[in-house]
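The values are calculated or read from the model by the stated rules, or taken from the named source; none is laboratory data. This is a predicted model, so every value here is computed, not measured. Cβ atoms come from the backbone with ideal geometry, glycine included; neighbour counts cover every protein chain shown. Calculation scope for accessible area: heavy atoms of the full protein, side chains included, ligands and nucleic acids excluded. Shrake-Rupley method; radii C 1.70, N 1.55, O 1.52, S 1.80 Å.
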Amino acid sequence: MTRPRILILGGSGEGFSLADKLSRDSKFEIISSLAGRTPAPKVPQGAVRRGGFGGVGGLEQFLISEKIAAVIDATHPFAEQISENAHQASKAAAVPCIHIWREPWVEVDGDNWTSVDTVEAASETIPEGAKGVFLTTGKTELGAFAGRDDVEFIARIVAPLSADEDLLPKPSKLTFIYDKGPFGLANEVALLKRYEIEWIVTKNSGGSAAYAKLEAARTLGLPVIIVRRPGRPEGLTVETVDEAVRWLQTLALHEEKNSETQIP
Ligand code: NAP
């Protein structure tokens, strides 16, 4: 007999903290799944698998073959595809699924935001010849800014680009800063001053880990170009890790017989 296996789709602070909480609960066995894009990610507690499943069908097969009892989609709110896949695959495999969906940030007094729908629109919104444009949209979005050879960018990404990633389109005037959150206000203010930042380009990710740059922008009176959030994923959603844990505890999950399977 084994404990009910819970699949956490991670790659976010919530995924990490959920794995931490559930690994201390002896009722569940957890498997975290990471997309595998970051070379040395912060590794969550418990079993971890890396890489895509191969679309909805691949994820459905994984849920069945690994006897997954429930799925918690704790991916980043801009990771739309995997959230949709989780919804479809769990429905097809009749496995309960919930999405952790944090609320977007809201503009407050003192903010100077221009909200746009896409990263491409954010690129077009940057004024001609702008200097000190702080990009925090992630390494996979650098291509959207590739045409802006008139603009000087400073991009914060988690780790240096791999040789293959380095071949992909990106802006010609680009300085990298390597760091990962959570970030604090004092450090963000210092960083914006040190790099003489004049514009901030970001996604409306919500949550606390990356909010300090917006507070820093407010403190320094800097304009922000912010990409609006994609829609809420289909299916059940909660806002926090604790709510997801409570949801899990309400499910009637049973111990599994004959489940000596290997996690790929
Ligand atoms: P995405 O566009 O929604 O997903 C693209 C494909 O990547 C999926 O179809 C799936 O491949 C694979 N994938 C994504 N997340 C996965 C996971 N946790 N485990 C296994 N496979 C996964 O995703 P994305 O926006 O590229 O984000 C990738 C990862 O980075 C996610 O884990 C997300 O939490 C994290 N992240 C994203 C952002 C962002 O701004 N998008 C920011 C911070 C962190 P298959 O179809 O082959 O299964």
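Annotations
- Rolling a 1.4 Å probe over the heavy atoms of the protein chains gives the chain an accessible area of 50 Å² per residue.
- For the chain, the longest site-free run once trypsin sites (Lys or Arg not before Pro) in DSSP loop states with at most 10 other Cβ atoms within 10 Å are removed: 25-256
- When only the Cβ of Lys, Arg, Asp and Glu is charged (+1, +1, -1, -1), the dipole of the stretch 1-55 relative to its Cα centre reaches about 100 debye.
- A straight Cα-to-Cα reach below 23 Å connects Lys173 with the lysines Lys131, Lys139, Lys193, Lys203, Lys213, residues fewer than 8 places away in its own chain not being considered.
- Shape of the stretch 124-222, Cα gyration tensor, a/c cut at 1.5: oblate
- Nearest-ten-degree value, helix 13-23 long axis tilted from longest Cα axis of the chain: 30 degrees
- Gyration tensor (alpha-carbon) shape descriptor, the stretch 134-191, a/c threshold 1.5: oblate
- Charge context of Glu107, other residues only, Cβ under 15 angstrom, K/R +1, D/E -1: +1
- Cα gyration tensor category, rounded, prolate or oblate, for the stretch 8-58 with a/c compared to 1.5: oblate
- Cross-link reach list, lysines versus Lys27, counting only Cα pairs under 20 Å and skipping chain neighbours closer than eight places: Lys67, Lys257
- Charge-dipole axis of the stretch 61-214 as Lys and Arg at +1 and Asp and Glu at -1 on Cβ define it, positive-most pick from Ser90, Val201, Phe153: Ser90
- Helix 241-250 and the longest principal axis of the Cα set of the chain meet at an angle near 20°.
- Most mobile listed residue (Leu251, Leu192, Leu214) in the chain, GNM with C-alpha springs under 10 Å: Leu251
- Surface share of carbon and sulfur [accessible, 1.4 angstrom probe, percent] for the chain: 50 percent
- In Hz, Karplus ³J(HN,Hα) per residue of the stretch 42-50 (6.51, -1.76, 1.60; θ = phi - 60°; x = Gly, Pro): 5, 8, x, 5, x, 5, 9, 10, 10
- The HN-Hα couplings worked out from phi for the stretch 29-34 by the Karplus form 6.51 cos²θ - 1.76 cosθ + 1.60 (θ = phi - 60°) are 10, 10, 10, 9, 10, 10 Hz, whole numbers, x standing for Gly and Pro.
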